[in-house]
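Written below as structure tokens is the structure these notes are about.
The values are calculated or read from the model by the stated rules, or taken from the named source; none is laboratory data. Worth saying up front: this structure is predicted, and the values here are computed from it rather than measured. Here the Cβ positions follow ideal geometry from the backbone for every residue, glycine too, while neighbour counts run over all protein chains shown.
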Amino acid sequence: MRCNAVCKSIVLLAVLILTVAGCTRQPVDVPNYAGHIRVSVGPPSSDSASARPKAIPQEATNVRIRVWHEDTGFNAVATVEIGGEDSVDIPVPEDEGYTVDAVSYYVKEQRALALTGGRAHDVSVSANEVTTVQIQLSDWHTDVVGDTIVEPETGFELTLYPSDGGGLLSLQTFREATLHTSTEAFDDADDALPLYPGTLGILSDDRIAFTSIAPDVSELTVLFAAALVEFALTWRDTALSDRSEHSLFIELPNRHTGEDLYQITIDPTSGGLVVEITGTDH
């Protein structure tokens with residue numbers, strides 16, 4: 001595995017702290033709101049014994065926050081710029097059982113690409129109280145199961161099993177996935193993601209499955225593959241001025257955090273039709 005963003009990530013240590021603060025004055029337009037979640041991104045406090053710093057990749061420019069409640073359907077999204085504003089306040093109704101998700105990302109090729117993620121469960125919001133929740137962001141890791149050797153112009157199957165990412169998986173997080181392959185290596189994070197073939201995948205809670213066709217080649221060739229996965233619409237932040245940042249995406253395997261692309265060998269000599277003609281003398 002290449003040592004790029006993963007190795008560099010140890011350079012910048014940061015802790016993501018979510019402060020749940022009670023609000024004595026309810027907003028006039030939303031009378032049911034009784035508190036707010038204040039999100040801060042910055043260096044760990046030297047006087048905080050409970051602070052557990054977690055590396056945020058050096059390339060990360062922003063952290064996307066999603067606050068949601070599975071039972072009530074509440075969903076709110078905000079974005080914090082790393083090195084910019086100290087915090088952002090997200091108003092929420094007084095309740096318990098909130099889930100707070102966070103994703104660090106940066107923009108490449110007019111696309112907001114996720115780097116690390118994390119989640120806090122069972123967050124309570126009460127008036128006149130302050131609760132601090134810490135989220136540790138972590139990389140996604142991808143196991144790929146599928147064909148390793150195929151013939152030209154034949155079908156192949158790949159199934160991706162993402163893990164970690166702070167628990168940000170399943171259909172609660174991801175919406176759509178497309179497979180992108182090329183006979184030219186694109187493992188460098190600065191390489192553009194190939195357009196071909198753009199095959200849609202089938203998403204399940206723990207996997208993403210693809211079926212595609214190998215290109216026609218005349219010699220032994222390596223096919224490089226990765227999936228581009230779009231986060232669910234509940235992650236969109238339309239308040240951002242840059243429209244390219246409204247939606248979040250992630251590549252799996254994630255070459256932006258050092259994961260290797262999946263490789264398939266295309267072997268023109270691995271199959272074919274063999275005809276044997278036998279007979280008897282007359």
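Quick notes on this one:
- Matching option when the condition is surrounded by 17 or more Cβ atoms within 10 Å (Cβ to Cβ), in contact with a strand residue (DSSP E or B) (Cβ under 6 Å, 6 or more places away or on another chain) and either farther than 23 Å from residue 75 by Cβ or assigned by TED's automatic domain parsing to the domain that holds residue 67 (or both), among 248, 252: 252
- Selection of first residues in the range 226-240 that are in the same structural domain as residue 192 (by TED's automatic domain parsing) and of second residues that are charged (D, E, K, R), restricted to Cβ pairs under 6 Å at least 6 apart or on distinct chains, gives the following pairs, ordered by first then second residue: 226/251; 228/251; 230/175; 230/176; 232/175; 235/66.
- Any chance residue 223 is in a strand (DSSP E or B), farther than 30 Å from residue 67 by Cβ, at pLDDT 90 or above and not basic (Lys, Arg): yes
- Screening residue 113 on (1) over 27 Å from residue 251 (Cβ atoms); (2) of a type outside the set (Gly, Ala, Ser); (3) surrounded by 15 or more Cβ atoms within 10 Å (Cβ to Cβ) shows it passes everything except condition (1).
- Selection status of residue 133, closer than 27 Å to residue 58 by Cβ, of a type in the set (Val, Ile, Thr) and surrounded by fewer than 19 Cβ atoms within 10 Å (Cβ to Cβ): yes
Yes/no per residue for (1) under 27 Å from residue 246 (Cβ atoms); (2) in contact (Cβ under 8 Å) with a residue 40 or more places away in the chain; (3) out of contact with any helix residue (DSSP H, G or I) (no Cβ under 7 Å at 6 or more places or on another chain); (4) surrounded by fewer than 19 Cβ atoms within 10 Å (Cβ to Cβ):
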site: 143; (1), (2), (3), (4): no, no, yes, yes
site: 150; (1), (2), (3), (4): no, yes, yes, no
site: 176; (1), (2), (3), (4): yes, yes, yes, yes
site: 197; (1), (2), (3), (4): yes, no, yes, yes
site: 210; (1), (2), (3), (4): yes, yes, yes, no
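- The set of residues in the range 170-206 that are within 16 Å of the chain's Cα centre (by Cα) and among the small types (Gly, Ala, Ser) comprises 170, 177, 189, 201, 204.
- Selected residue (criterion: modelled with the highest pLDDT) from residues of the range 161-219 that are of a type in the set (Asp, Glu) and closer than 14 Å to residue 231 by Cα: 176
- Qualifying residue in the range 39-51 (condition: at pLDDT 70 or above, of a type outside the set (Phe, Trp, Tyr) and assigned to a loop (DSSP other than H, G, I, E, B)): no
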